[in-house]
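Contents: one structure, followed by commentary.
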């Protein structure tokens with residue numbers, strides 16, 4: 001009896017499936033038995049290949065169109081293919097170091113750096129690239145300002161060394177005049193500038209307790225809930241490339257699919273997808289209906305986590321299910337290694 005793998009495929013079925021998917025990714029048209037026989041010089045006949053393709057279709061790995069006898073992969077077929085590639089040591093070659101020159105030379109401003117990363121991901125992969133960051137509480141506070149919005153409402157503006165800015169509004173029970181705001185601002189600058197948000201959360205009470213404004217409501221509000229006011233963790237940011245690269249793929253030429261794609265790539269939809277589907281694992285690959293999202297069920301999305309002293313985030317590439325998975329994985333792996341060294 002022929003050996004079968006965990007999905008119940010024989011060695012021949014495995015070989016034909018992997019080859020069919022690789023050919024379909026390359027040529028973008030249904031793959032038939034004669035094509036496979038001529039291209040790969042299999043030892044078995046076209047009739048045997050046809051029977052094998054039929055078996056793979058019955059197992060949900062392949063399907064076919066009404067206009068061709070050739071087969072195309074299903075989402076389940078792609079999943080099998082990707083999982084088997086993961087078991088292989090083969091990985092398409094490393095990206096040239098020149099690829100990262102622009103990234104390394106980008107300003108240290110986090111916003112600019114993340115936007116440049118999303119654009120470069122798209123350029124290198126020829127797909128849609130995006131970056132989502134959070135957890136930047138080790139960022140250094142470089143400025144703080146208190147701005148009066150009304151007699152009992154004050155905006156606190158935090159400026160970070162990374163270039164990120166956060167503003168919060170305090171609703172007060174007392175009327176505050178400009179002289180009081182100036183005095184409180186001066187004390188906060190003296191005590192807090194040059195510290196990380198983590199340090200401020202842990203030590204703000206100690207640092208301002210001897211000041212003349214310690215009992216003022218603004219100071220009391222800040223020191224009673226430092227994690228709420230001196231934190232960027234909830235301020236998740238998304239940076240995206242243009243979707244123009246996707247227009248080069250036949251999969252996105254139909255007007256209805258293009259409209260669906262444009263809506264799917266709105267930042268709010270990307271953010272919701274990542275928050276709902278990406279957990280603590282370093283890498284994820286979602287194929288078609290695995291996205292559990294009606295707007296994204298025609299995509300594959302590959303993600304990779306990166307972490308530096310200042311930032312934790314996700315790099316991601318999105319494209320048609322018919323994409324070069326190993327190549328995209330290599331791109332994400334290389335970016336994940338380089339990015340922590342420049343932010």
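Scanning the range 284-304 for residues that are more than 15 Å from residue 77 (Cα to Cα) and in contact with a strand residue (DSSP E or B) (Cβ under 6 Å, 6 or more places away or on another chain) returns 284, 301, 302, 303, 304.
Hey, any hits in the range 291-305 for a residue that's under 17 Å from the mean Cα position of the chain (by Cα) and in a helix (DSSP H, G or I)? Yes, the conditions are met somewhere in the range 291-305. Of the residues that sit in the range 235-260 and are part of a loop (DSSP other than H, G, I, E, B) and in contact (Cβ under 8 Å) with a residue 24 or more places away in the chain, which one is nearest to residue 206 (Cα to Cα)? Result: 235.
How many residues does the range 159-197 contain that are in a loop (DSSP other than H, G, I, E, B), at negative phi and surrounded by fewer than 18 Cβ atoms within 10 Å (Cβ to Cβ)? Residues that pass the stated criteria total 8. For the condition over 27 Å from residue 251 (Cα atoms), surrounded by 23 or more Cβ atoms within 10 Å (Cβ to Cβ) and under 16 Å from the mean Cα position of the chain (by Cα), residue 313 qualifies.
Restricting attention to the range 273-290, the residues that are assigned to a helix (DSSP H, G or I) and under 13 Å from the mean Cα position of the chain (by Cα) add up to 5.
Taking the stated definitions as given, is residue 270 in a helix (DSSP H, G or I), under 12 Å from the mean Cα position of the chain (by Cα), assigned by TED's automatic domain parsing to the domain that holds residue 115 and buried (at least 20 other Cβ atoms within 10 Å of the Cβ)? It is true that residue 270 is in a helix (DSSP H, G or I), under 12 Å from the mean Cα position of the chain (by Cα), assigned by TED's automatic domain parsing to the domain that holds residue 115 and buried (at least 20 other Cβ atoms within 10 Å of the Cβ). Out of everything in the range 1-30 that is in contact with a strand residue (DSSP E or B) (Cβ under 6 Å, 6 or more places away or on another chain) and either modelled with pLDDT of 95 or more or closer than 14 Å to residue 71 by Cα (or both), what residue ends up being surrounded by the most Cβ atoms within 10 Å (Cβ to Cβ)? Among residues in the range 1-30 that are in contact with a strand residue (DSSP E or B) (Cβ under 6 Å, 6 or more places away or on another chain) and either modelled with pLDDT of 95 or more or closer than 14 Å to residue 71 by Cα (or both), the one surrounded by the most Cβ atoms within 10 Å (Cβ to Cβ) is 20.
Residues checked against (1) over 23 Å from the mean Cα position of the chain (by Cα); (2) at pLDDT 95 or above; (3) more than 25 Å from residue 247 (Cβ to Cβ); (4) not in a loop (DSSP other than H, G, I, E, B):
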site	(1), (2), (3), (4)
69	yes, no, yes, no
79	no, yes, yes, yes
95	no, no, no, no
106	no, no, yes, no
113	no, no, yes, yes
117	no, no, no, yes
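Being over 27 Å from residue 131 (Cβ atoms), touching a helix residue (DSSP H, G or I) at 6+ places or on another chain (Cβ under 7 Å) and assigned to a helix (DSSP H, G or I) is not true of residue 200. Checking each residue in the range 284-310 for being under 26 Å from residue 29 (Cβ atoms) and buried (at least 21 other Cβ atoms within 10 Å of the Cβ) picks out 286, 287, 291, 296, 299, 300, 301, 302.
Checking each residue of the range 208-216 against the condition of being within 38 Å of the chain's Cα centre (by Cα) and either touching a residue at least 12 places away in the same chain (Cβ under 8 Å) or assigned to a helix (DSSP H, G or I) (or both) gives no match. Taking residue 84 as the residue in question, decide whether it is closer than 25 Å to residue 291 by Cα, at pLDDT 90 or above and within 26 Å of the chain's Cα centre (by Cα). So residue 84 fits the description; yes.
The values are calculated or read from the model by the stated rules, or taken from the named source; none is laboratory data. Predicted model, so just to flag it, every value in this text is computed and none were measured. Counting neighbours? That spans all protein chains shown, and the Cβs are built from the backbone with ideal geometry, glycine included.
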